[in-house]
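As structure tokens, the structure follows; a few thoughts come after it.
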């Protein structure tokens, strides 16, 4: 199968407190969602394709079916088009695992203003991977 480039971008997230309260020593990122593009097109429009959560976060509902565990301990679950093609999705995810694990390890350790800094960097980052050209 032909291979293509995929771009994964953080879209939204959850923190222990509202981001305006990042001066709290308990402030940290708990999880975030990602969208995916290929061939300069958004996969599924604005639909999220991945949810990544901190190791200590309880998984309920769709988050109970973990597709992958990052070396940082963070879990990854699939949504929308990715959940309909999990083998392809995991191959794409594997191509960006090192990058995601690095920043999620930082996010897991960061608290307060350090967590705010890591969050800003995370949401400004695009992750470029590759995988099968599965979607038209």
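Points worth noting:
- Any hit, region 98-113, residues being surrounded by 15 or more Cβ atoms within 10 Å (Cβ to Cβ), in a loop (DSSP other than H, G, I, E, B) and touching a residue at least 40 places away in the same chain (Cβ under 8 Å): yes
- Only strands (runs of 3 or more DSSP E) whose full extent lies in region 1-86 are considered here, and the ones with at least 2 residues that are buried (at least 20 other Cβ atoms within 10 Å of the Cβ) and free of Cβ contacts under 8 Å to residues at least 60 places away in the same chain are 29-38, 50-53, 75-78.
- Residues within region 115-131 that are within 21 Å of residue 27 (Cβ to Cβ) and surrounded by 16 or more Cβ atoms within 10 Å (Cβ to Cβ), tallied: 5
- Residues in region 20-37 that are modelled with pLDDT of 80 or more and over 16 Å from the mean Cα position of the chain (by Cα) were compared, and the one that is nearest to residue 119 (Cα to Cα) is 27.
- Looking only at region 87-97, and only at residues there that are in a helix (DSSP H, G or I) and in contact (Cβ under 8 Å) with a residue 40 or more places away in the chain, the one that is nearest to residue 16 (Cα to Cα): 93
The values are calculated or read from the model by the stated rules, or taken from the named source; none is laboratory data. It should be emphasised that the depicted structure is a prediction, and the values quoted were computed from it without experimental measurement. With ideal geometry, Cβ positions are generated from the backbone for all residues, glycine too; neighbour counts draw on all protein chains shown.
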